[in-house]
Structures are given as structure tokens and as C-alpha cells.
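The values are calculated or read from the model by the stated rules, or taken from the named source; none is laboratory data. From a predicted model like this one, the values you see are computed outputs, not experimental measurements. Glycine gets a Cβ as well: all are built from the backbone with ideal geometry, and neighbour counts include every protein chain shown. Heavy atoms of the whole protein, side chains included, go into the accessibility calculation; ligands, DNA and RNA do not. Shrake-Rupley method; radii C 1.70, N 1.55, O 1.52, S 1.80 Å.
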Amino acid sequence: MAEILQLADARDRALALLRAGEVVALPTETVYGLAADAGNGAAVARIFEAKGRPRFNPLIAHVDGIGMAEAVGVLDPLSRRLAERFWPGPLTLVLPLRQGSGIHGLVTAGLPTVALRQPRGIVADLVAGLGRPLAAPSANSSGRISATTAGAVQADLGEKIPLIVDGGPTAVGVESTIVKVEGGRLRLLRPGGIEASEIETVAGVPLQRGDGGWVEAPGMLESHYAPDARLRIDAREVRPGEALLAFGPRRVPGWEKAMTVLNLSADGDVREAAANLFAHLSELDRRGARAIAVEPVPETGLGEAINDRLRRAAAPREIAMETRSQ
Ligand code: TXA
Ligand code: MG
């Protein structure tokens with residue numbers, strides 16, 4: 001099993017492992033990440049190996065501020081404004097990759113662009129200590145739910161990694177919002193921890209969205225974030241044998257017969273629901289649910305990110321098994 005260190009005691013050991021080209025699971029404000037030196041190809045390859053990713057999707061490079069971002073990517077006035085307003089925080093910007101950035105090609109999967117974000121907490125500290133960005137996807141096996149606690153990382157990846165830094169449950173609970181900046185225009189590649197409308201307000205331009213409802217980050221086209229149980233979203237009733245993932249104060253018909261019930265937010269607060277989403281899905285698996293009815297979650301605010309993850313979790317598994325990638 002992996003060693004688990006509390007946040008306050010972890011910095012030196014984590015930094016030593018990262019310098020040695022090892023992977024370390026680290027808390028961010030969104031979900032736990034599996035981090036490695038973004039300039040070291042062998043270290044980055046260990047991330048893919050530990051996650052069992054079937055192919056090399058590009059990873060987010062985590063920076064310690066706009067200065068480091070400028071050294072790796074090309075920021076225009078619009079991306080600079082977004083970074084100034086939302087960093088550190090759950091916003092990832094996809095930008096043109098700068099020549100001589102020092103980022104290994106495995107991180108960008110050979111693309112001419114790079115995904116950058118400055119997270120809150122120990123990751124930015126470690127990046128500053130290392131002097132280079134840390135590549136980090138979510139710390140979960142390919143196709144599984146993202147981990148929002150150190151215990152969830154241990155249960156999933158503990159056999160494969162040396163260290164997990166325990167920062168408690170993550171505050172936001174869903175991954176960062178990914179926005180591609182291209183020629184003064186913004187494209188939403190993945191809804192996430194910052195509401196699309198907040199970004200539009202600061203940017204002063206609308207976020208363009210992919211057609212067909214699925215967002216467009218290369219690793220986002222497929223079903224993933226899946227629990228073991230089958231999911232039925234936007235459920236208007238609970239069917240025999242189903243567990244219920246509830247939202248808000250009012251229950252759908254048949255809820256009394258549900259195999260078990262968990263509520264994402266009894267007050268109907270989408271922020272609270274986002275923070276609970278992955279932990280509740282795992283807990284329903286632990287309780288032995290085979291099928292989960294999910295009450296409708298409004299599309300407002302973080303509801304967009306929640307519904308995105310729920311749709312992926314509910315996608316048909318035959319396709320999912322072939323193409324899951326995160
Ligand atoms: O909150 C988060 O974003 C977490 C924490 C650990 O920072 N990280 C995370 O990483 O969710 P990951 O690897 O699970 O998701 C990153 C997504 C993938 O869907 C990938 O396809 C996309 O970012 N991505 C990375 N580089 C890209 C690029 N150059 N262009 C388009 N999409 C990119
Ligand atoms: Mg992921």
C-alpha cells in the first residue's frame with residue numbers, strides 16, 4: 001500500500017520523490033491528482049502506467065503562477081485576464097505551446113497546445129520547489145470515478161504508487177473547467193469547478209460549446225467516471241431494485257422502496273452536490289447498489305459539470321469498455 005502523509009508533514013518527502021522521477025498523489029481543490037515532473041518523460045509515463053490508461057491522452061500541466069505559465073504556453077490578453085481572475089483555482093486554459101517549453105511530449109500527446117492551471121494548495125508549492133510544472137491527471141484508474149479523498153486514492157491506486165498526501169476531502173469535488181483560448185475566442189472543452197457564466201462575465205465573450213452535447217477535450221469524448229452500478233439519470237421515479245441518488249428536498253415517487261438513498265444536497269445547492277458527487281457514487285457501490293436512479297439536477301451553475309459527469313457515468317458500457325480513457 002502507498003504511504004499516506006498528512007499535508008503538514010508531506011512537503012519534503014513529496015518533493016524528493018518528484019525530483020527522483022516518481023509519481024505522488026496530491027490533493028487539489030478539485031479532486032486528487034497523480035503528479036509527476038512534466039519535464040521528465042519516464043516520470044510522466046509512470047502516471048499512465050499507474051492509471052492503466054489505454055492510450056496517451058494529454059495531461060494538464062500545473063504551474064505556480066502566470067510567470068511559469070508564460071514560459072510554457074503563449075498567453076494573449078484574454079487568457080491573461082482569465083488567469084489573473086481565476087488562478088489559483090479550478091480553471092484550466094488550453095493555449096498554444098511555447099517552443100522550448102521543456103514540457104515532455106507525453107504531457108501534450110504531441111499537440112501544439114498545452115493545458116495549464118494553477119491549483120490551490122500544496123501542488124503549487126511543490127511546483128515552485130521543483131522549478132517546473134507538474135503533470136497531473138485525476139488520481140484514479142482509467143475509467144473510474146475521480147478520487148476526492150486520500151482513502152479513495154489508496155483503495156484504487158495504493159498498490160501502484162509510493163505516496164499519497166492527505167489534504168482531507170477536496171473542496172470543489174469536480175474537476176477544473178477547461179477552456180480553449182483561440183484567436184480571442186473561448187471554447188468550453190469541459191464544464192467543471194468554475195461556472196461557465198462566471199468565465200463569460202470576466203471574459204466579456206460567450207463560451208462556445210461543442211455540437212452534439214459532448215465536450216471536446218481529447219480524453220473527454222468517452223464514457224468514464226463510472227461506478228460499478230448502472231446509472232439512470234433524470235429519473236422521474238425509482239424502479240424496483242434501484243438505489244436512489246437524490247437531489248434537493250423533494251423525492252421522486254417510489255423512493256421509499258429504494259434499496260438505499262443518498263442525497264447530493266438536501267438543500268438543493270449545486271455546489272454542495274458537486275463536492276459530494278464522486279464520494280456518493282463510490283458509497284453507493286460500497287452499499288452494493290446494482291442500479292442507481294439519479295434525480296434530476298438543474299443545469300444551472302455547477303449543475304452543468306455535475307450533469308456532464310453523470311451523463312458519462314451513465315453512458316453504455318460496451319462503448320465505455322473500449323474507449324474509456326481517464
Ligand atoms: O481538476 C482537474 O483538472 C484535475 C486536477 C488533478 O488538476 N485534473 C484532471 O486531469 O482532471 P485529467 O487528465 O483527468 O483531465 C484533463 C483533461 C483531459 O480530458 C484531456 O483530454 C484534456 O484535459 N486536455 C489536456 N491537454 C489538452 C489539450 N492540449 N487540448 C485539449 N484538451 C486537453
Ligand atoms: Mg480524470
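Here are a few things to note about the model shown:
- Rounded to 10°, Cα long-axis angle of helix 41-51 versus longest principal axis of the chain: 10
- Annotation: Met1 carries an accessible surface of approximately 140 Å², with a 1.4 Å probe and no ligand, DNA or RNA atoms counted.
- Solvent-accessible area assigned to carbon and sulfur over the chain amounts to 51 percent, based on a 1.4 Å probe.
- Probe 1.4 Å, all protein chains present, accessible-area order of Ile66, Ile199, largest first: Ile66, Ile199
- The order of His280, His104, His62 by accessible area, most exposed first and with a 1.4 Å probe, is His104, His280, His62.
- Average accessible surface for the chain: 40 Å² per residue, computed with a 1.4 Å probe over protein heavy atoms with every protein chain in place.
- Estimated FRET transfer efficiency when R0 is 22 angstrom, pair Glu159-Ala42 (beta carbons, to 0.05): 0.65
- Structural descriptor for segment 230-325: relative contact order 36 percent, calculated from alpha carbon pairs under 8 angstrom and at least 6 residues apart.
- Under the convention that each Lys and Arg Cβ holds +1 and each Asp and Glu Cβ holds -1, the size of the dipole of the chain around its Cα centre is about 500 debye.
- Of all DSSP beta bridges confined to segment 3-208, the antiparallel ones make up roughly 55%.
- In segment 3-208, the alpha-carbon atoms span a convex hull of 104 Å³ per residue.
- Set the Cα radius of gyration of segment 230-325 against 2.2 N^0.38 Å, with N its number of residues, and you get 1.03.
- Segment 23-116: trypsin sites (Lys or Arg not before Pro) in DSSP coil with no more than 16 other Cβ atoms inside 10 Å: Arg55, Arg98
- With helices as the sole contributors, the chain gives -9500 deg cm²/dmol at 222 nm; each DSSP H run of n ≥ 4 counts as -39500 (n - 2.57), and the sum is divided by every residue.
- When +1 charges are put on Lys and Arg Cβ atoms and -1 charges on Asp and Glu Cβ atoms, the dipole computed for segment 1-96 relative to its Cα centre reaches about 280 debye.
- Taking all protein chains as shown and a probe of 1.4 angstrom, Ile47 keeps an accessible surface of around 0 Å².
- Using a probe of 1.4 Å on the protein chains alone, the accessible area found for Ser141 is around 20 Å².
- Computed over segment 38-133, the range of Cα coordinates on each principal axis works out to 36, 28, 21 Å, biggest value leading.
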